[in-house]
Amino acid sequence: MRATLRDGTIIEGTAEQVNRILKSVGEGFDPNFWYESESKGWVQISTMDSQWLRNALLKMYRAWVADLSNIKDFHMLVRALRNGPDNPTFTALLAAYIRKGGN
């Protein structure tokens, strides 16, 4: 696992090691507040700029839409469409993007 702190410091190790280091510097790991970037590893959502948030949201949304094709049951598909992506990271990204006003 890899995590990037606010100051750009990169921490690498097992999930347990990274979490222990994050806690020691007052940054506990909670997937509701971190996003797993392909290029930077785990990044705090609060440190992402608006364009990065937008790109991450669109990427997660496209993956959610693609997964809808796997739902065969009519009622389950309707429920999934009505509820939207049920993912705490998506929700946190959206909240951060809204807070920043897309700027």
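The values are calculated or read from the model by the stated rules, or taken from the named source; none is laboratory data. All values derive from a computational prediction rather than experimental measurement. Cβ: placed from backbone, ideal geometry, glycine included. Neighbour counts: every protein chain shown.
Within the range 22-35, one or more residues are part of a helix (DSSP H, G or I), of a type in the set (A, V, I, L, M) and assigned by TED's automatic domain parsing to the domain that holds ILE10. Please determine whether any residue of the range 61-83 is touching a strand residue (DSSP E or B) at 6+ places or on another chain (Cβ under 9 Å) and of a type outside the set (Lys, Arg). No, the range 61-83 has no match at all. Pairs meeting the criteria (first residue in the range 1-13 and polar (S, T, N, Q), second residue surrounded by 11 or more Cβ atoms within 10 Å (Cβ to Cβ) and assigned to a loop (DSSP other than H, G, I, E, B), beta carbons under 8 Å, at least 6 apart or on different chains) are THR4/LYS40.
Checking ASN70, ASN55 one by one, the residue that is among the polar types (S, T, N, Q), outside any loop (DSSP other than H, G, I, E, B) and at pLDDT 85 or above is ASN55 and no other. Among the criteria (1) on the phi > 0 side of the Ramachandran plot; (2) in a helix (DSSP H, G or I), the one GLY102 does not fulfil is (2). The criterion of being on the phi < 0 side of the Ramachandran plot, in contact (Cβ under 8 Å) with a residue 40 or more places away in the chain, surrounded by 14 or more Cβ atoms within 10 Å (Cβ to Cβ) and in contact with a Leu (Cβ under 7 Å, 6 or more places away or on another chain) does not hold for ALA80. Among the conditions (1) under 19 Å from THR4 (Cα atoms); (2) under 14 Å from the mean Cα position of the chain (by Cα), ASN87 misses just one, which is (1). Among the residues of the range 46-77, those identified as farther than 20 Å from GLU36 by Cβ and either in contact with a Leu (Cβ under 8 Å, 6 or more places away or on another chain) or in the same structural domain as ASP7 (by TED's automatic domain parsing) (or both) are LEU68, ILE71, LEU77.
In the range 46-77, the qualifying residues are those that are of a type in the set (Gly, Ala, Ser) and touching a residue at least 24 places away in the same chain (Cβ under 8 Å), and the one that is surrounded by the fewest Cβ atoms within 10 Å (Cβ to Cβ) is SER46. Counting only residues that are at pLDDT 75 or above and surrounded by 13 or more Cβ atoms within 10 Å (Cβ to Cβ), which one in the range 21-38 is farthest from ASP49 (Cα to Cα)? Taking the candidates together, the pick is ILE21.
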